[in-house]
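Working notes, beginning with the structure itself.
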Amino acid sequence: MRKRIVHLRGLALAQVPATEAPGVLPGKQQNDIPILEDAYLDWSDGVITGFGTMSELARLESEGYGLGEAPEEVLDGTGRWVLPGFVDSHTHAVFAAPREQEFALRIKGATYQEIAASGGGILNSARALAAKSETQLVDEALPRLEALMRTGTTAIEIKSGYGLSLDSERKMLRVVAELKKHSPLDVRSTYLGLHAVPTDFAGGKAAYTEAALNHWLPRLVDEGLVDFLDAFIEGGYFDLSDLSRLAEASHRFGLPLKLHVNQFSSIGAVPAAVAAGAWSVDHLEVLEPADLEALAAAWRAYSAGSLAAAGGAFQKRPTLPVALPACSHFLRLPYTPARKLLDAGIPVGIASDFNPGSAPCSNAFLLWNLACVHAQLTPEEALVGLTLHGAYALGWERQMGSISVGKQADFILTHPAPSLAYFPYRFGENHADRVFKKGVSR
Ligand code: NIG
Ligand code: FE
């Protein structure tokens, strides 16, 4: 069914056909995005088929374009914008219970690490998860995905990592597999077996890592439950030797790495991740010069066209740093120095980290504001971080993340807004009036 929106005030991140479009906009390009004013958008059978200015449309129509194939529905976009749907490349959206009591403790001065050390945090979520059935977890996650879609997110990644045993990790990933089937959103699954070591695990971290990578992972892969691998590389959690074991598994199973690194400290995880060809390194609240340089070198190699120099198992994809501003806000951590990364020619992604402990928020419009206010990104840079670069972090940049002919018709029709900057400026609002997933608004 052919559909059209006309008289849009703005059409943001409108790119050339998907086959030619770059999957990533490094450095200055992240700011210099195409924006069309007084625009139209066409789509058909879930795919974007055309866009341009209203005067171009008038010219095309006068030349006979669209004859015999007039859209069956035309929506009036006067005063409104079309934005690409947000692609949230880092979430823990499957969980069993909120952790608002830990929030209350932090207000009184306890730190995230102190709460974790006393059996709260990830272990708290793991206890709650073990007690719930797969069906319960699916029933509770589906409305979260619906809420994500209402605020403009049209694709997400979801991690395991609140299981910490074969049965529970498998349960989480089976829940994600159900969400892939039953949610309109596109969903990818990440095995985060190396999230925390259960306190009572016989043999401690070494035995746990061995079990998680050599016993559980092959079974989960066999069952088709895993798209990506992740680990929490941090003092007190997992270290560089665990990362190199995970990198080896990544190679063996052909599953790309997406990693939690540098949330509280820099222990060399960024250069190691880049060398291992990780698709993304997420968090980076702490970033040392050597970390920045490792990322910059990978992107210099990419720009020079010599991808092999970027290193590792997945050499064609230099590692994307992904900022998680809701986590910085909620735990009062430093914000990822995204401005510095961009100024060094490195593209930046932005994701929610939606989870019950460190970021109980999935609204991408709020992330947009936080990235502008605290990381000094321009509205355009932050939008690219939330859309095209989210897609890149998941290997979906040819399917989504921009308004491009041939890409999925995943987009937001906003409420009226005078300019692009208005969206992060007027914060705390849901600017999405209607959200279209593969051409259908829900
Ligand atoms: O990305 N840092 C590790 N993992 C999650 C938080 C997990 C939790 O507290 O439940 C994060 O912030
Ligand atoms: Fe996370």
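One table, with the values for the structure above:
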item: Share of carbon and sulfur in the accessible heavy-atom surface of segment 86-401 [1.4 Å probe, %]; result: 55 percent
item: Rule-of-thumb Rg ratio for the chain [Cα; 2.2 N^0.38 Å; N residues]; result: 0.97
item: Debye, to nearest 20: dipole size of the chain, +1 on Lys, Arg Cβ, -1 on Asp, Glu Cβ; result: 340 debye
item: Acute angle (nearest 10 degrees) that the helix 134-150 long axis makes with the longest principal axis of the chain, alpha-carbon atoms; result: 40 degrees
item: Per-residue HN-Hα couplings for segment 159-173 [Karplus 6.51, -1.76, 1.60; θ = phi - 60°; Hz; x = Gly/Pro]; result: 9, 7, x, 9, x, 6, 8, 4, 4, 6, 5, 5, 4, 4, 5
item: Most mobile of 242, 222, 343 in a GNM of the chain (Cα contacts under 10 Å); result: 222
item: Stokes-Einstein translational diffusion, segment 242-360 - Kirkwood Rh over all Cα pairs, 0.890 mPa s, 25 °C, in µm²/s; result: 171 µm²/s
item: Set 159/438; 108/205; 108/258; 132/407; 28/258; 3/28 screened for pairs whose C-alpha atoms are more than 29 Å apart; result: 108/205; 108/258; 132/407; 3/28
item: Top of 404, 328, 244 by mean-square fluctuation, Gaussian network on the chain, Cα under 10 Å; result: 244
item: For segment 52-129, average projected area of the Cα convex hull in nm²; result: 10.5 nm²
item: Choice from 95, 330, 201 with maximal GNM fluctuation in the chain (Cα, 10 Å cutoff); result: 201
item: Percentage relative contact order, segment 86-401, counting C-alpha pairs under 8 Å, at least six apart; result: 17 percent
item: Segment 343-389: equivalent-ellipsoid semi-axes (sqrt of 5 x gyration tensor eigenvalues, Cα, Å); result: 20, 11, 10
item: Within segment 14-116, trypsin sites (Lys or Arg not before Pro) in DSSP loop having at most 15 other beta-carbon neighbours inside 10 Å; result: 108
item: C-alpha long axis of helix 289-303 to longest principal axis of the chain, angle in °; result: 40 degrees
item: Mean ellipticity per residue at 222 nm, deg cm²/dmol - from DSSP H runs of n ≥ 4 across the chain, formula -39500 (n - 2.57); result: -10000 deg cm²/dmol
item: Selection of chymotrypsin sites (Phe, Trp or Tyr not before Pro), segment 1-89, meeting DSSP coil and at most 15 other Cβ within 10 Å; result: 65
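The values are calculated or read from the model by the stated rules, or taken from the named source; none is laboratory data. Remember, it's a predicted structure, so these values are computed and weren't measured experimentally. In this analysis, Cβ positions are derived from the backbone assuming ideal geometry, glycine residues included, and neighbour counts consider all displayed protein chains. Note: areas computed on protein heavy atoms with side chains; ligands, DNA, RNA excluded. Shrake-Rupley method; radii C 1.70, N 1.55, O 1.52, S 1.80 Å.
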